[in-house]
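Colleague: Pasting in a structure now, in structure tokens, and then I'll have a few things to ask.
Throughout, read-outs are computed from the coordinates displayed, never taken from laboratory work. Here the structure is a predicted model, which is why all the values come from computation and not from measurement. Cβ: placed from backbone, ideal geometry, glycine included. Neighbour counts: every protein chain shown.
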Amino acid sequence: MPQLKLTYFDFHGGRAEAARLALHIGHIAFEDYRFAHADFAEVRKATPLGQVPTLHVDGVQVTQSDAITRYVGKLAGLYPADPFQALLCDEVMDAVEDANIKLGNTFGLTGDALKQARDAVVNGPLPMYLGWLQRQLQAHGGAYFADQRLTIADLKVFAYVRGLNSGRLDHVPTDLVEKVAPQLNAHMQRIAQTPAVAQYYAKFGA
Ligand SMILES: N[C@@H](CCC(=O)N[C@@H](CS)C(=O)NCC(=O)O)C(=O)O
């Protein structure tokens, strides 16, 4: 197994969470390098694009969260071998990333500007993406997004829904997902109860 070091902010969420979970579920050893927000300016200087997460693989630093999650998902056996199932898995991950970007564009705003921008996302793109994800889940059996089993698509949606529900995002109602896509919330809760996931948060905190 290669030597892995995953660099990201020190909280349970965001663009590295699915990769952290996949590595944990796959019992793959890695350095979970977490840093405080206050240290981001310094950390980003050592990254190729000034962004996190990055993954060092035997000393080679790689960017792009979905590429990283797919790679560790393959190592952990959480990525479909079948090309069509892999396509369904990728489709969900890319859609979540698009939704992430819509909210990401509001970061850095404050006061009324933040409220206006967040309200616009909460009332427009977010229900659209959440509704689509719920329909994808239903279309593929209701339990998992692809391959009839746990894949990194489930982990990515799980982390995303958990983040939306967390109350950490000002002006994003914590009951938004429950209101517009309750089956995604049920999916999130089921994934949370998966023994390896439950054990992860019991060990490392919520
Ligand atoms: N496409 C990149 C986006 C990474 C990204 O935007 N990361 C955020 C933190 S979650 C960041 O580093 N933002 C600082 C910036 O883009 O200047 C990925 O998926 O990894």
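Colleague: Sort THR151, THR174 so the one with the fewest other Cβ atoms within 10 Å of its own Cβ comes first.
Modeller: THR174, THR151
Colleague: Same structure again: Run the numbers on the range 1-134 and let me know its relative contact order in percent, using alpha-carbon pairs under 8 Å that are six or more apart.
Modeller: This gives 22 percent for the range 1-134.
Colleague: Report the chymotrypsin sites (Phe, Trp or Tyr not before Pro) located in the range 68-156 that are in a DSSP loop and have at most 15 other Cβ atoms inside 10 Å of their Cβ, or state none.
Modeller: Taking the range 68-156 and a limit of 15 other Cβ atoms within 10 Å, the loop chymotrypsin sites (Phe, Trp or Tyr not before Pro) found are PHE107.
Colleague: Please give me, ordered by residue number, the trypsin sites (Lys or Arg not before Pro) of the range 77-123 that lie in loop per DSSP and have at most 10 other Cβ atoms within 10 Å.
Modeller: Loop-located and lightly packed - none at all.
Colleague: Could you calculate, for the range 55-206, the ratio of the Cα radius of gyration to the Kirkwood radius, expressed as Rg to Rh?
Modeller: Checking Rg against Rh, the ratio lands at 0.98.
Colleague: All other residues with a Cβ under 13 Å from the Cβ of GLY104 taken together, and with Lys, Arg as +1 and Asp, Glu as -1, what is their net charge?
Modeller: Charge balance near GLY104 sits at +1.
Colleague: Give me VAL57, VAL122 ranked fewest to most by other Cβ atoms within 10 Å of their Cβ, as a rough exposure proxy.
Modeller: VAL57, VAL122
Colleague: Under a cut-off of 18 Å between alpha-carbon atoms, report the lysines in cross-link reach of LYS156, not counting same-chain residues fewer than 8 places apart.
Modeller: Within the straight-line limit of under 18 Å, LYS156 reaches these lysines: LYS74, LYS102.
Colleague: At what distance in angstrom do the alpha carbon centres of the range 127-206 and the range 1-65 lie from each other?
Modeller: Centre-to-centre (Cα) distance: 22 Å.
Colleague: Between GLY141, GLY77, GLY14, find the one with the highest GNM mean-square fluctuation for the chain; connect C-alpha pairs within less than 10 Å.
Modeller: Of GLY141, GLY77, GLY14, the most mobile in the Gaussian network model is GLY141.
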